Amino acid sequence: MNLNGKLAVVTGGASGIGRSICLRLARDGADVAVLDLNRAGAQATAHAVEQGGRRAAAIEVDVSSAINVGEAFAAVRHQLGAVQILVNDAGICEYAAFLPMHEAVWDRMIAVHVKGAFHCARAAIPDMQSAGWGRIVNLSSVAGLNGGGPGLVHYATAKAALIGFTKSLAREVGPSGITVNAIAPGLIDTPMIRTAKVPEAIIQQLADDSPVRRIGAPDDIAAACAYLVSQEASFVTGQVISPNGGSYV
C-alpha cells in the first residue's frame, strides 16, 4: 500500500500497537509524527522510522489536554508539514471494580480515550479538509463490543464511546474526502497488558479458547490500520474492524 507523500500522526506511538502502526505506515511510505506521554519511547520509535528512510518527529503530549494537543500539532506542522492521517491509539488500561472505583479513575479513562480522540481529530481535520483527503483511525477494543469483564466497566465504556464517535464523525466529515474507522482488537500481547498484570493463566486460557489458538500481536493490528488509511479503503468509513482471532464474532 503506497502512502508516499502522506504524513501520519500516531498517538500512543511509543510502544505496543502504536509503535507497530508507526513502523508499518513508515514501511508503506508515510512520514510519521509519534505522539506520546512517554518522550523517550516516542523518540525511540521515531528513530526506528528514520532508520527506515522516512522523516519522523517525536512529540511529548497528554492527549487529554486540549492545550497540549494544540501545541503538539503545531509542532508537527512546523517539523513535518500538514497532516493527512491520524491514528488515535493513546490509551490506558487498569482493572478497577465498579463500586469502589474512585471518580478520578473513571474520569481519567474517559479523558484519555474519548477526549483524546476528540482533541486530536479537531486538530487534524482542518489539514485534511484543505487537502480534500484524510484518514482517521480510532483504536477501540473488543471490550467496547462485548463489555469486557469484571473490573473493566470504565475501560469498556470508553472504548464503546469511541465506536459511537467514529460512526458519527464519519458521517460529518465524509463529504470532505475524509474517512473515519475504528479497530477493535481482541487481546493483544503488549506492554500495556503486561503492566495491567493480566494473569498468565487467563492469557493462556484466552489463547486456547480462540479459533486461531493464540492471542494477537501488535503487527496484526498494524496491518488492519495500514489498509484503513490506504487509498484502497476509500469506500470504507464508519466501520469497526475487530481483529480478535475469532474470540468474538
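The values are calculated or read from the model by the stated rules, or taken from the named source; none is laboratory data. Computed from a prediction, not measured in an experiment: that's the story for all the values here. Cβ coordinates were reconstructed from backbone atoms using ideal geometry, including for glycine residues, and neighbour counts include every protein chain displayed.
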> Can you tell me how many residues in the stretch 162-172 are of a type in the set (G, A, S) and either within 18 Å of G18 (Cα to Cα) or surrounded by 17 or more Cβ atoms within 10 Å (Cβ to Cβ) (or both)?
Replying inline: 1
> Can you tell me which residues in the stretch 1-42 are assigned to a loop (DSSP other than H, G, I, E, B), of a type in the set (G, A, S), buried (at least 24 other Cβ atoms within 10 Å of the Cβ) and touching a residue at least 40 places away in the same chain (Cβ under 8 Å)?
Replying inline: G12, G13, A30
> Can you tell me which residues in the stretch 55-72 are surrounded by fewer than 22 Cβ atoms within 10 Å (Cβ to Cβ) and over 25 Å from V114 (Cβ atoms)?
Replying inline: R55
> Where in the stretch 173-249 are there helices (runs of 4 or more DSSP H), lying wholly inside it, with at least 1 residues that are surrounded by 16 or more Cβ atoms within 10 Å (Cβ to Cβ) and out of contact with any Cys (no Cβ under 8 Å at 6 or more places or on another chain)?
Replying inline: 200-209, 218-228
> Do we find that D209 is of a type in the set (D, E, K, R) and either under 15 Å from the mean Cα position of the chain (by Cα) or within 25 Å of D127 (Cβ to Cβ) (or both) in this structure?
Replying inline: no
>> Give me the residue from the stretch 73-100 that is touching a Ser or Thr at 6+ places or on another chain (Cβ under 9 Å) and of a type in the set (G, A, S) and, out of that set, surrounded by the fewest Cβ atoms within 10 Å (Cβ to Cβ).
In response: A82
> Here are some residues: I136, I193. Which one is modelled with pLDDT of 95 or more and not hydroxyl-bearing (S, T, Y)?
Replying inline: I136
